[in-house]
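The next block holds one structure in the form of structure tokens; read it before the comments.
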Amino acid sequence: DTAVSQTPKYLVTQMGNDKSIKCEQNLGHDTMYWYKQDSKKFLKIMFSYNNKELIINETVPNRFSPKSPDKAHLNLHINSLELGDSAVYFCASSQDWAVDGYTFGSGTRLTVV
Amino acid sequence: QKEVEQNSGPLSVPEGAIASLNCTYSDRGSQSFFWYRQYSGKSPELIMSIYSNGDKEDGRFTAQLNKASQYVSLLIRDSQPSDSATYLCAGVKAAGNKLTFGGGTRVLVKP
């Protein structure tokens, strides 16, 4: 199936731990994104990569580090997790310039306890 | 002021009626707009895109764009209980790839 897939779907972890979320797309898109959706459903961009190059880096704590080994993969590593990091993290992909919008992955619900 | 604003709702609509959702944006550089539907616990799904002033129809959905007034709207005709979801409006600048989302409008269609 053509899609954007991310793993894991759920992640429950303790404060201070380090965790990673993985994302892969087989749509042939050049650009991938990480968005955070808070409890009020507000979707906010964190990072974007175009063909392995970081092109958007919003005001995000440097505990968050994205990595793109190739244009089909974008991972998110989070160090020293805090309670406020609890949210749903969505990976997405698009053609250049997002003329057709994004295709989203199924999301990772991160709960920090 | 948020870049893209929506009424959070809930917008309660009887089954078979028209649901009307509105979205305003502040950045005049925004050129293309999208409506996403998000069911509870699921990811956003693109339902409409609109790039020029006027109306665009796709099945029961009609998107409207007015760049002079900086608003985008979505009409859902013959609303069904399965249309109950949160609808997210998003805009992107020309030659850009950062979608800026509104906070979403929750729609409840009652049988």
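The values are calculated or read from the model by the stated rules, or taken from the named source; none is laboratory data. This one's a predicted model, so the numbers in the text were calculated from it and none came from an experiment. Note that we place each Cβ from the backbone using ideal geometry, even for glycine, and neighbour counts take in every protein chain shown.
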field: Positions within segment A:8-41 being in contact with a helix residue (DSSP H, G or I) (Cβ under 8 Å, 6 or more places away or on another chain) and away from chain B (no Cβ under 14 Å), in sequence order
entry: A:M15
- request: May I ask you to list the residues in segment A:86-113 that are within 9 Å of chain B (Cβ to nearest Cβ), buried (at least 22 other Cβ atoms within 10 Å of the Cβ) and not hydrophobic (A, V, I, L, M, F, W, C)?
  value: A:S94, A:G101, A:Y102, A:G105, A:G107
task: Out of B:S32, B:S52, B:S82, B:S40, report the one residue that is surrounded by 19 or more Cβ atoms within 10 Å (Cβ to Cβ) and within 27 Å of A:Y35 (Cα to Cα).
output: B:S32
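Return yes when B:Q80 is closer than 15 Å to A:T103 by Cα and at pLDDT 95 or above and no when it is not.
No, not satisfied.
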- request: Scan B:A95, B:A68, B:A63, B:A90 and give me the residue that is exposed (fewer than 14 other Cβ atoms within 10 Å of the Cβ) and on the phi < 0 side of the Ramachandran plot.
  value: B:A68
statement: Contact list, first residue from segment A:39-63 and over 18 Å from B:V92 (Cα atoms), second anywhere and loosely packed, with under 15 Cβ neighbours inside 10 Å and aliphatic (A, V, I, L, M), beta-carbon distance below 6 Å, six or more apart or interchain, is none
message: On the basis of being within 16 Å of A:S20 (Cβ to Cβ) and more than 13 Å from the chain's Cα centre (by Cα), does A:S94 make the cut?
response: no
